[in-house]
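Since the structure comes first, as structure tokens, the remarks are kept for the end.
The values are calculated or read from the model by the stated rules, or taken from the named source; none is laboratory data. What you are looking at is a predicted structure, and each value in this text was computed from that prediction instead of being measured. Note: ideal-geometry Cβ built from the backbone for every residue, glycine included; neighbour counts use all protein chains shown.
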Amino acid sequence: KRESLEAVLPIAKHYGCAVVGLTLDEGGIPPTAEERFAIAERIVAAAEAAGIPRQDVLIDCLVMAASTNQSEVVEILRAITLVKERLGVRTVLGVSNVSFGLPLREVVNATFLSAAFSAGLDMPILNPLSQRYREVVDSWRVLCGQDTGAARYIEGYAGKTIAAQPVQAQAPSAAAQSASDGEAGSLRHCVISGRKSAASEAVERMLDEGATAMAVIDEHLIPALDEVGARFEKGTFFLPQLMASAEAAKAGFDVIRRRSAGTAVADKGSVAVATVKGDIHDIGKNIVRMLLENYGYTVYDLGRDVDPQAVLDCVKEHGIKLVGLSALMTTTVRGMEETIALLREQAPDVKVFVGGAVLTPEYAQMVGADYYAKDAAEGARICAEVLG
């Protein structure tokens, strides 16, 4: 943001500091490499105009989770290359963000780290105690010529071997897992396996055969979502699967809404969700919204960087009894606290649940929240408790 540049750059110049520029602006984090590069270009130009030499400017092209923004992973790598080739400044990345919501995160992180080095990454942010990451860094220094004659690599790894790992017990076969998901082609199976088109067709078929909309919802869609949530809680389902199942359920609900036009379909109640003032990260909030809509709640999504007054206005306008607030950064939790304080003063009957990467149950209590949601599935459970 322009105000951020105007506030930070003079201070950095005065004290002789280097600066890290993030490729986001008022519109959030752009999806393409070219858009991120354009922001980086503006940051570098503003820094030089403020008297900060280019060698003291670092650009962070911002890693997004592959589990929710899979197509953007390649764009991040392309953005690094554009910044290096056209601006000539050093680059930095928080590597581990890429594996959020996936199993064996360290494997994904190490693979991405290798790709990022190839794209031109200079300064990865990672766990220095991870042996796997150290191996990637040390071997990359050999391959790119930084470790002349592989001297440091040989000194560190000569005589070491990679121990063979015993074969672990196999996970349940696909057939066995499919059986627990319900009969192939059933609505339960389609939702759990994340098949949108098949879920739509299954709902159409059930309605054609005489099932009521509420029976389809209460006896099939909701139980399937409950099963997905339970597996997510156990760690046997991961974020991409949760999202795919939610999309499949949404496709089924869309059929019901279309076919029930003019007929009342039970509404479980209204919820407002928002990413708090100062925070532009909305992936988690979006997942919560999608899941709650599938459970039959009316969700007012206020977006990101939401002023406390806007939350209060929504609560008063729609008679909302439950609000969900998200914050990813410690610096924006203050906005969460201010929003809750305003609700306590002006709408004391409203319940609030909070979530986000920096939140804990203790932190949630400190900011005045009624509930802490560690993930979207927990958010759905809280809604069921408060709204029924």
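Could we say that A341 is over 21 Å from A230 (Cα atoms) and either in contact with a helix residue (DSSP H, G or I) (Cβ under 9 Å, 6 or more places away or on another chain) or in a helix (DSSP H, G or I) (or both) here? Before the answer, list the steps.
Details: over 21 Å from A230 (Cα atoms): yes; either in contact with a helix residue (DSSP H, G or I) (Cβ under 9 Å, 6 or more places away or on another chain) or in a helix (DSSP H, G or I) (or both): yes.
For A341, the condition - over 21 Å from A230 (Cα atoms) and either in contact with a helix residue (DSSP H, G or I) (Cβ under 9 Å, 6 or more places away or on another chain) or in a helix (DSSP H, G or I) (or both) - is met.
Taking the conditions (1) at pLDDT below 95; (2) within 26 Å of F112 (Cβ to Cβ); (3) in contact with a Lys or Arg (Cβ under 7 Å, 6 or more places away or on another chain) in turn, V44 satisfies each one other than (1).
For residues that are in contact with an Asp or Glu (Cβ under 9 Å, 6 or more places away or on another chain) and surrounded by fewer than 18 Cβ atoms within 10 Å (Cβ to Cβ), scanning just the range 362-371, find the one that is nearest to L325 (Cα to Cα). Here the residue is G368.
For V108, state whether it is in the same structural domain as M64 (by TED's automatic domain parsing), over 26 Å from A18 (Cβ atoms), crowded, with 17+ Cβ neighbours inside 10 Å and among the β-branched types (V, I, T).
Numbers: in the same structural domain as M64 (by TED's automatic domain parsing): yes; over 26 Å from A18 (Cβ atoms): yes; crowded, with 17+ Cβ neighbours inside 10 Å: yes; among the β-branched types (V, I, T): yes.
In short, yes.
For the range 254-287, give me each residue that is among the β-branched types (V, I, T) and either at pLDDT 90 or above or in a strand (DSSP E or B) (or both). Write out each step before concluding.
At the first step, the residues of the range 254-287 found to be among the β-branched types (V, I, T) are 255-256, 263, 265, 271, 273, 275-276, 280, 283, 287.
Result: V255, V271, V273, T275, V276.
For the range 23-41, a residue qualifies if it is touching a helix residue (DSSP H, G or I) at 6+ places or on another chain (Cβ under 8 Å) and modelled with pLDDT of 95 or more, and the qualifying residues are T23, T32, A33, E34, R36, F37, A40, E41.
Taking every residue in the range 203-218 that is of a type in the set (D, E, K, R) and pairing it with any residue that is part of a helix (DSSP H, G or I) and surrounded by fewer than 17 Cβ atoms within 10 Å (Cβ to Cβ), at least 6 positions away or on another chain, the pairs with Cβ-Cβ distances below 9 Å are E204/R259. Can you confirm whether E293 is surrounded by fewer than 20 Cβ atoms within 10 Å (Cβ to Cβ) and without any contact (Cβ under 8 Å) to a residue 12 or more places away in the chain? Judged against the criteria, E293 is not a match.
Let me confirm something: among E85, E3, E26, which residue is within 21 Å of the chain's Cα centre (by Cα), surrounded by fewer than 17 Cβ atoms within 10 Å (Cβ to Cβ) and among the acidic types (D, E)? Can you show your working first?
Working: E85 fails: within 21 Å of the chain's Cα centre (by Cα); E3 fails: within 21 Å of the chain's Cα centre (by Cα).
When all the criteria are applied, what remains is E26.
When the range 72-94 is limited to residues that are in a helix (DSSP H, G or I) and in contact with a Pro (Cβ under 8 Å, 6 or more places away or on another chain), the one that is modelled with the highest pLDDT turns out to be E75.
Wholly within the range 127-191, which helices (runs of 4 or more DSSP H) include no fewer than the required count, namely at least 3 residues that are at pLDDT 70 or above and under 35 Å from the mean Cα position of the chain (by Cα)? Can you show your working first?
Working: elements: 131-143, 151-157, 174-180.
In the range 127-191, the matching helices (runs of 4 or more DSSP H) lie at 131-143.
Does V44 satisfy the criteria of being under 20 Å from the mean Cα position of the chain (by Cα) and not assigned by TED's automatic domain parsing to the domain that holds F237? No, not satisfied.
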